[in-house]
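Only one structure is covered here, and it is reproduced in the block below.
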Amino acid sequence: MISAVILSAGESSRMGRPKALLPIDGQTFIEKIVGALKQTPVGKVIVILGHNADEMRPHIEHLPVEILVNPDYKLGQLSSLQVAVRCLEAVADCVGMLVHLVDHPYIDAKLVESMIEGFHASGKLIVVPRYGAKRGHPVIFSRELFGELLAAPMDQGAKAVVNAHRDDTLEIDTEDSGVTVDIDTPELYRQHVKGE
């Protein structure tokens, strides 16, 4: 089983309000992402909260997810990923985790299915989607890398682990530009969501 992890612990300082709760297509970013993931073979879906977790929880707990809180969210994204890894280490049938960022609302269920199929078929440790020459999200990490993710330097984040396994990474080419769309400012939100 592959578990999904949605990272939503940051302060959204550049956006000025929680990215998870931004409206898109009649729902919120987090609802859109969870809805897409629930159409795929992923098992457990975990949402990592941090900044203003108590205020965020009521907007998320109606979703079919497990909510974990990262008290050290100010240390960066990797600290949130490590909260998820520690949880999933205890899930015996979890062979890997699919990591997605809450500011990437355009996630395609069919692409996720292709990534999961590729992960199982290739035996590679990491699977990433690629649009043109650019890699995007989500990213699948094999359980074999959990220890490395826990030991990675906080200032480099998960990229340190990705860079260490270039030869063991499967890239899935996609025509879906959404894998590279990162919406973390009001300008980008207007550009990509409101079509201005």
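Membrane-span-like helices of the chain, defined as complete DSSP H segments with a Cα extent of 15 Å or more along the helix axis and a mean Kyte hydropathy of at least 0.0, are identified as 77-89, 109-122.
Calculate the all-directions average of the projected area of the stretch 48-196's alpha-carbon convex hull, and give it in nm². Could you put the intermediate results ahead of the total?
Working: hull surface 40.3 nm².
If I average the Cα hull's projected area over directions, I get 10.1 nm².
Extending 7 Å from the Cα toward the beta-carbon at both T185 and A90 defines two label points whose distance is 4.1 nm. Toward the positive end of the charge dipole of the chain, with +1 on the Cβ of Lys and Arg and -1 on the Cβ of Asp and Glu, the farthest Cα among N52, A84, V102 is that of N52.
What is the distance in Å between the Cα centroid of the stretch 131-196 and that of the stretch 38-95? Computed from Cα coordinates, the inter-centre distance equals 17 Å.
Using only helices, what value at 222 nm comes out for the chain when you add -39,500 (n - 2.57) per DSSP H run of length 4 or more and divide by the total residues, to the nearest 500 deg cm²/dmol?
Details: 7 runs with 63 residues, N = 196.
Calculated mean residue ellipticity at 222 nm is -9000 deg cm²/dmol.
What aspartates and glutamates could a cross-link reach from K74, if we take a straight Cα to Cα line under 14 Å and drop same-chain neighbours fewer than 8 places away? The reachable aspartates and glutamates, counting only those whose Cα sits under 14 Å from K74, are E11, D155.
The C-alpha atoms of the stretch 127-176 occupy a region whose extents along the principal axes are 34, 22, 17 Å, arranged from largest to smallest. Against the compact-protein benchmark of 2.2 N^0.38 Å, the Cα-based radius of gyration of the stretch 1-88 scales to 1.03.
Throughout, read-outs are computed from the coordinates displayed, never taken from laboratory work. Model, not experiment: these values are computed from the prediction. Note that each Cβ is placed from the backbone with ideal geometry, even for glycine, and that neighbours are counted across all protein chains shown.
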